[in-house]
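This report refers to the structure that appears directly beneath it.
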Amino acid sequence: MTTMTRRRFVGGIALLPALHITPARAQASASPEEARAIAKDAYIYGFPMVDSYRIQYGYFVDTKNPEYKGPWNQIVNIPRVYTPADTAIQTPNSDTPYSFVGMDLRAEPLVLTVPPIEKDRYFSIQLIDAYTFNFDYVGSRTTGNDGGSFLVAGPGWKGETPKGVKKVIRSETELVLAGYRTQLFNPDDLDNVKKIQSDYKAQPLSAFLGQPAPPAAPTVDFIKPLTPAEVVTSPEFFNILNFILQFCPTDPSETELMARFAKIGVGAGKTFDAGSLSTEMKNAVKQGMADAWADLENLRKQVDAGKVTSGELFGTREYLKNNYLYRMAAAKLGIYGNSKQEAMYPVYALDADGEKLDGTNRYTVHFAPDQLPPVNAFWSLTMYDLPASLLVANPINRYLLNSPMLPQFIKDSDGGLTFYIQNESPGPDKEPNWLPAPKGRFFIAMRLYWPKPEALDGTWKQPPMNKVV
């Protein structure tokens, strides 16, 4: 750090003193060296937002997209678990049928009503803002299974708690994703899940109260997102970020950050015109984007080695303390993952010898009788291929092993469980405990839903993945 410029750091990003820059001067006020550094930080900051926008554009805007769910502010139920055919979201779970509401809260709040649900069935509604923070939850852990109505309000709403509403939940952004998970006990249980899903409701506050609707918010001309491949190198990334930022009032902790980003034309409603940049400046921006990916790769190595856990990557703004690289890692490794109090995701990316997992090898994981994952709800082990991080097609259509399957597993002589992780069947006698792997690179995500204290405090450790030699 030089003595000429005093910087302070927030979440790994250097902040310069606030600068008052007019839009006309925005892209001309940074040297190529400074533009590279700012582009890197703006990319790390914005990647989760831009990737989330890609998903929600496909879900709620692009009616021709095979992943399209339905319009904004309407609940959409998926009456099945996810399979390898579902490719919009990285690392989807295949334990709980999903429901979704894409919320546009500009005109008025939305009221989510849930029915009473039997006590032993886990459910949750994860509320994710446009920054990808998990800002609150409704569900078994937080509000119980007795049912009720919960109001979700945008940053501009100033009302009091209406009659019939158990809780008012406030979002700092105008666009919100509500992701519902309803536990499926076994394939024969699907009709019960469908009945619960049919009783979920999402209503504008005016409809909930039986009052006239307020004036509609202006129609949004949603811009086309980048593909996962384009988002890696295309400077158009920053225009999409600028579009999203219009729905995100600046948090006070980011005032200086936004002033710094403005020096390269990044900010709510600004235009980032890559075509008008000099070759030198365009190269600087692209180098900044590459620098961001290099930082992420370094962090990923720490995650793979267990030095940084998934529980550190997901949560509220307050929990993450504006650690934007962690937020980027969360989006890349498993966007829309839960906060650790709701679910923990111990990852198997390396075997016991520190080698990357590969389907050309065979592996086992052994759980002693008293060492099964400690949860209040349920646990699972799910297979994903690399680099796509999607579910793996296989001859027996088995994408995971989980605690509801305990009755079908073959126990070891000591009463514990050994799971077989490999590409080909381990044989009929071991097949109930087989998790099929792809032929190439893969990783496994363990999920602990509603983890117990011994999981949260690290007392319980996942057993190693041992290569069979």
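The values are calculated or read from the model by the stated rules, or taken from the named source; none is laboratory data. Note that the structure is predicted; figures quoted are calculated from it, not measured. Cβ coordinates were reconstructed from backbone atoms using ideal geometry, including for glycine residues, and neighbour counts include every protein chain displayed. Quick note on the areas: whole protein, heavy atoms, side chains included, nothing else; ligands and nucleic acids left out. Shrake-Rupley method; radii C 1.70, N 1.55, O 1.52, S 1.80 Å.
Using only DSSP helix segments of four residues or longer, with each worth -39500 (n - 2.57), what per-residue ellipticity at 222 nm results for the chain after dividing by its residue count and rounding to 500?
Taken over the chain, the calculation gives -7000 deg cm²/dmol.
Which order do Glu33, Glu254, Glu431, Glu424 take by accessible area at a 1.4 Å probe, largest first?
Details: Glu33 155, Glu254 0, Glu431 60, Glu424 130 Å².
Ranked from most to least accessible, the order is Glu33, Glu424, Glu431, Glu254.
Choose one of Pro426, Phe208, Thr161: the residue whose Cα lies farthest towards the positive end of the charge dipole of the chain (beta-carbon charges +1 Lys, Arg; -1 Asp, Glu; about the Cα centre).
The listed residue farthest towards the positive side: Thr161.
Please compute the contact order of the chain in relative form: average sequence separation of alpha-carbon pairs under 8 Å and at least six residues apart, divided by the residue count, as a percent.
Relative CO of the chain lands at 19 percent.
What is the dipole size for the chain, taken about its Cα centre, with +1 at each Lys and Arg Cβ and -1 at each Asp and Glu Cβ, in debye to the nearest 20?
Rounded to the nearest 20 debye, it is 700 debye.
Under 18 Å Cα-Cα from Lys356, which aspartates and glutamates qualify once same-chain neighbours fewer than 8 residues away are excluded?
Excluding near neighbours in sequence, the set is Glu297, Asp304, Asp385.
Could you compute the net charge surrounding Leu226? Neighbours are other residues with a C-beta less than 12 Å from the C-beta of Leu226; K and R count +1, D and E count -1.
So the surrounding residues net to -1.
Kindly report, to the nearest 10 Å², the accessible surface of Arg362 as traced by a 1.4 Å probe over protein heavy atoms only.
That residue has around 120 Å² of solvent-accessible surface.
Compute the relative contact order of the range 62-219 as a whole-number percentage, counting only Cα pairs closer than 8 Å that sit 6 or more residues apart in sequence.
About 30 percent, as a whole number.
Placing unit charges on C-beta atoms (Lys and Arg positive, Asp and Glu negative, everything else neutral), compute the dipole magnitude of the range 253-331 about its Cα centre in debye, rounded to 20.
In debye, rounded to 20, the range 253-331 gives about 40.
Anything over 24 Å Cα to Cα? Flag those among Lys307/Lys467; Lys158/Lys195; Lys119/Lys430; Lys69/Lys340, in the order listed.
Distance filter (> 24 Å) returns Lys158/Lys195; Lys119/Lys430; Lys69/Lys340.
Give me the 1.4 Å probe accessible area per residue for the range 68-205, excluding ligands and nucleic acids, in Å². Intermediate values should be presented prior to the final figure.
Working: 5000 Å² over 138 residues.
Using a 1.4 Å probe on heavy atoms only, each residue of the range 68-205 averages 36 Å².
Roughly to the nearest percent, how much of the accessible area of the range 125-260 is carbon and sulfur, given a 1.4 Å probe? Spell out each step's value before the answer.
Details: 3230 of 6050 Å².
Result for the range 125-260: 53 percent of the exposed heavy-atom area is carbon or sulfur.
About its Cα centre, what dipole magnitude does the range 121-264 give when the only charges are +1 on Lys and Arg Cβ and -1 on Asp and Glu Cβ, stated in debye to the nearest 20? Intermediate values should be presented prior to the final figure.
Working: 14 positive and 16 negative charges, 79 e Å.
Dipole size: approximately 380 debye.
Would you mind getting the accessible area per residue of the range 259-388, heavy atoms of the protein chains only, 1.4 Å probe, in Å²? Spell out each step's value before the answer.
Numbers: 5270 Å² over 130 residues.
Accessible area per residue, the range 259-388: 41 Å².
With a 1.4 Å probe and all protein chains left in place, how much of the accessible area of the range 341-469 comes from carbon and sulfur atoms, in whole percent?
Within the range 341-469, the accessible surface is 51 percent carbon and sulfur.
Counting pairwise Cα distances across the range 331-469, what percent come out greater than 26 angstrom?
More than 26 Å apart: 19 percent of the Cα pairs in the range 331-469.
Please work out whether the chain counts as rounded, prolate or oblate from its C-alpha gyration tensor, where a ≥ b ≥ c are the square roots of the eigenvalues and a/c under 1.5 means rounded, while otherwise a/b larger than b/c means prolate and anything else oblate?
oblate
Whole-Å semi-axes of the range 42-131's equivalent ellipsoid, largest first, each the root of 5 times a Cα gyration tensor eigenvalue?
After diagonalising the Cα gyration tensor, the semi-axes are 23, 18, 15 Å.
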